[in-house]
Structure formats: C-alpha cells, structure tokens
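Working notes for the structure below.
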Amino acid sequence: MENQLTKKTYDKYDEELIESILPNGLKVIFSKKKGFQKKYATITTPFGSTDHQYYDLNLNELITLPLGVAHFLEHKMFEKKEGDIFKKFSELGANANAFTSFDRTSYLFSCVDHFEENLKLLIDLVQEPYFTQDSIQKEIGIIAEEIKMYQDSPNHKHFFQTLNALYPSHPIKDDIAGTIESIQKINQKILYDIHKYFYHPSQMVLTIVGDVDIHETIDVLNKHIKQLPIIEDLIEKTIIPHETAIQSQYVEQYAPITQPKIMLALKLDPYRLSTVDKYKREMAMMLALEMIFSERSDFYIENLEQHVIDESFKYGFIEEKTFTYMMISARTKNLDLFKSNVYETIEKFYHNDELFEEKIFTKLKKELIGDFIIGLNSLEYIADQLTKHSFEQLEFYELLDVINELSLKFIVDTFKEVIDEGQFIESVLLPNESKK
C-alpha cells in the first residue's frame, strides 16, 4: 500500500512540511532541513501524568491508574530483554532521551550518521515492551529515590504547593513522578495495558527534522512498524472537567531555605476559548507581563534597588488544554512589601491603558517574532513544537501570523479580562528557622 503524502510549503520561512498517515494509523511529520547534517526524531504519545483514568469500553469500566505511571513507563521502555537500549543508541553515535510531561511522553534521538538504524531502534523502543516483576520492583526503588530527591528540592516543593492550592482536584496538582505510595501499586498488567492502548501507533506522532529521504524513510517505517489493528473503539480518555474552586487563598510550608519564597498565582478557564484563541491569549499575556515586569520595567528596577527582589524574580502565563494559570514569584525578605508592590503595579496598569506604551509593545513584539524565527534553526525546537501543535490541531508555521496580528489594544483587553476573571492565591515557602 502506497502512503499518501501531504505537502505544505511556507515560502516566507523557506520551510516545507510533509505529513503521512501509515496504514497502522501512525502520523509522521517531516520537516525537511536541506543541508543540515544533524537529524532529529521524536515519537510521542499524548499520555502524560494527568492521564490517570480511562474508560475501557470492552469491560464497560472506568480504570483508575496509579499516580506517576506515565513517568514510570517511560523509564521502563528503555529496558529490553537483551539489555538497556540506551547503549545501542550510543554505539550508533546517537544521543537518545525521553521525557514525561503533564500531557505527553516523548522518546527522541539526534544523530549525524546511521539515521535509519537509529530510527528502527526508536521504533523498537516504543513498540517492544518488556516488563518483569523483578525489574518493576527494582525500578520502584529507583524512582522512589528520585521522588525523595524532588521532595527535598525547595523550588519543586513550592511549585507543587502552589498547584495544589490552585487545583484541589485536577491531576496537575500531582507530581509527575507520583508518590512513593502510588508507584508501589504499579505492576506488569497495568504497564502492558497502558502500552497496548496509549502506545498504539494510531495514538502517536512521529516527527522527523533534518535532511532525510522521505520516501526511503516511509519505506523503512512501513517495513519495521507492526501493522496493528486500530483501537479507537476499545477505550476512551476521561475528560478532565473545568474546576473553578481553589483550595485556599493562602498556603504556606517550611523548608531548609535562608529566605522566604512566594508565588502569586491565578487560574483561568481553559475551555472557554478555541485552540487558536488560547494561543493568542498566551502570547498577549506574555507580552503584557513583559511590559509590566521585565528587567527594563520600572517595577523591576525599583524593587531590585530596594532589595525587595533579586535575580530569582520570575513571571509567566501557561496555557494548556486542560489548565491555564499565571504566576509571579520571587525570593524576598519582605513578603508584605513584595505583595503590595505587585498588586499596586497590576492595579495601575489595569486602570491606566496609557501605561502600556506603543513603543515598548512594538519592540517586544519584534523580539517575540525574532525568537520564533531563530527557533527555526533548532531541530529540537521545531520537532517539539510540531508535535505539540499536532495534538492541538494547530498549524505551527502559521502561528507567526497570529503573533503578527496582535495589537496593543488586544494586549490591554486581554490583560484586563484575565485579571478581572482571575483570583490570586498566595503560596509561601518559609525558612525552617522562622517556625514559632
């Protein structure tokens, strides 16, 4: 069976995308980078740490998974009957890795030579599971130590303390690695079931970036990938409902730190907007926060000079499929002054549109466009973005048009809407010595 290839050309970037759906349902995306010696490939399943439930249609049963199972499975996929597959990648001159996030798990490699051999190895990695109870028990011990290490990290502890306050029931509040208790429940059946359903080729996206022969690569894939029946009628992912409640407007913990840490955070409705409008809101809020809090802002300069903040000061706006939040954080000796200065600054910008200066907006927008274009020289960046936006059904190379369309009025309107809709929570991490 000959595969149909869909070609999309983006002349303004001199970029070309070619997509194909293999007979077993695997979506393959090629970004042809002519003249590049390096080649990069990543295969991804939209199964991450927040996917803790699915509905088995055959059993007519809701299956609840142990926390951390996506991350655990990622670790176990590298272990094969013949040994650790990492070594084979190294022998072929490739750098291999994997990661689990809230919403996906990716396996990847980069190389200059032996691309086809490394690609076959990547396919073997995800389609040939090998789990024994002994190796699972060994991995439980390894990951338990990893979890302890995370729990000892003040920054990690503070971040998830904030997420727990924002999201009392959303699985984003749970550590990606799970808990020491939850991973004890992982067994062979759970891992094989997850692999059967979520690592099926029809659930995954393979993205290849580099100067490769597309027809030869497709031929290699067709010969090497198992031709499995499509499984669409076997399971359904559960939908994570929108959650408006917060756990508390103020939370605190103690940790072995020398100065207090604080996060001011608010959450928004991720389901109200279309996918494109969510991207527009994210870009608009990034620009708004840059205008208010960047190192060139009055806020940053004045608070740095007064020693209210230091280089740890950060801010961000995260827009994902099932969660959206804004965070402003700092390490500071004066929590009350930091909070009042942040809130007063936000209030000033909320009530005075003229503080959002056209000249600064134009400069920041050009920088954002420049970062996007510079990213097109990074194979890793292209592959990650193509994969992410493929699951979101967004055209990655058309997103720059969305950025170009942003106006200062849209930035101001979006900022006011976000601040008006949102409700800040305060998450504080205090030094152990401050306990009374």
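The values are calculated or read from the model by the stated rules, or taken from the named source; none is laboratory data. All figures in this text were calculated on a predicted structure; none of them were measured in a lab. Backbone-built Cβ (ideal geometry, glycine too); neighbour counts: all protein chains shown. Note: areas computed on protein heavy atoms with side chains; ligands, DNA, RNA excluded. Shrake-Rupley method; radii C 1.70, N 1.55, O 1.52, S 1.80 Å.
Quick notes on this one:
- Between 0 and 90°, nearest 10: helix 133-151 axis offset from the chain longest Cα axis: 20
- Computed from the Cβ-Cβ distance with R0 of 45 Å, the FRET efficiency linking Lys189 to Gln249 stands at 0.60.
- Placing dummy labels 7 Å off each Cα toward the beta-carbon, the span from Val112 to Gln423 is 5.7 nm.
- When the trypsin sites (Lys or Arg not before Pro) in segment 315-418 are filtered for DSSP coil states and for at most 15 other beta-carbon atoms within 10 Å of their beta-carbon, the remaining sites are Lys333.
- Once both labels are positioned 7 Å from their Cα atoms along Cα-to-Cβ, the gap between Asp219 and Asp298 label points is 6.7 nm.
- Extension gain, Asn432 back to Lys366 (0.36 nm per residue minus Cα-Cα distance, nm): 19.3 nm
- Residues of segment 194-220 with an amide N closer than 20 Å to a point placed 7 Å from the Cα of Leu5 along the Cα-to-Cβ direction: 205-220.
- Sites listed here are GluC sites (Glu not before Pro) in segment 43-100 whose DSSP assignment is loop and whose Cβ has at most 14 other Cβ atoms within 10 Å: Glu82.
- Set of aspartates and glutamates near Lys267 by C-alpha distance (under 16 Å), chain-local residues within fewer than 8 positions excluded: Glu243, Glu282, Glu319, Glu320, Glu417, Asp420, Glu421, Glu426
- Loop sites in segment 247-306: GluC sites (Glu not before Pro), DSSP, at most 12 other Cβ within 10 Å: Glu295
- Stretching Leu337 away from Ile180 to a fully extended chain increases their span by 52.7 nm, per 0.36 nm per residue minus the current alpha-carbon distance.
- Pairwise FRET efficiency - Phe99 versus His351, Cβ, R0 = 51 Å, nearest 0.05: 0.75
- Computed from Cα atoms, the angle from the helix 115-127 axis to the main principal axis of the chain rounds to 80 degrees.
- The Cα atoms of segment 286-408 cover 44, 29, 27 Å along the three principal axes, with the biggest extent listed first.
- Helix 335-351 and the long axis of the chain differ in direction by around 90°, with both axes built from C-alpha atoms.
- Eligible lysines near Lys363 by straight Cα distance, threshold 17 Å, same-chain separation 8 or greater: Lys409
- Probe 1.4 Å, protein heavy atoms only - accessible area per residue of segment 84-171 in square angstrom: 45
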